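Asks: After the structure tokens below, expect a handful of questions from me.
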């Protein structure tokens with residue numbers, strides 16, 4: 001018999017959990033590493049947002065002509 005699969009976390013749940021995390025437990029190095037990771041994630045999200053906006057603009061231009 002198969003074990004039941006773990007339930008999927010809701011979209012954005014990891015982000016919510018990260019916001020609630022106790023930062024007092026981290027060292028200075030850990031916090032700097034966390035900042036670098038978050039900055040990388042911000043860049044990744046901005047790049048995705050730019051691609052989505054470009055796709056939307058192209059679609060709007062196509063259907064308005």
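The values are calculated or read from the model by the stated rules, or taken from the named source; none is laboratory data. For clarity, every value in this text was computed on a predicted model and none was experimentally measured. Every residue, glycine as well, gets a Cβ built from its backbone with ideal geometry; the counts of neighbours run over all protein chains shown.
Asks: Tell me which residues, restricted to the range 16-36, are exposed (fewer than 10 other Cβ atoms within 10 Å of the Cβ) and not in a loop (DSSP other than H, G, I, E, B). Spell out how you get there, then give the answer.
Replies: Going through the range 16-36, the residues exposed (fewer than 10 other Cβ atoms within 10 Å of the Cβ) turn out to be 19-20, 22-25, 27-29.
19, 20, 23, 24, 25, 28, 29, listed by residue number.
Asks: Hey, can you tell me all the residues within the range 1-15 that are within 15 Å of residue 38 (Cα to Cα) and outside any loop (DSSP other than H, G, I, E, B)?
Replies: 14, 15
Asks: Please tell me if residue 56 is surrounded by 10 or more Cβ atoms within 10 Å (Cβ to Cβ), at pLDDT below 95 and outside any helix (DSSP H, G or I).
Replies: no
Asks: Could we say that residue 39 is assigned to a helix (DSSP H, G or I) and either under 21 Å from the mean Cα position of the chain (by Cα) or loosely packed, with under 10 Cβ neighbours inside 10 Å (or both) here?
Replies: Yes: the conditions hold for residue 39.
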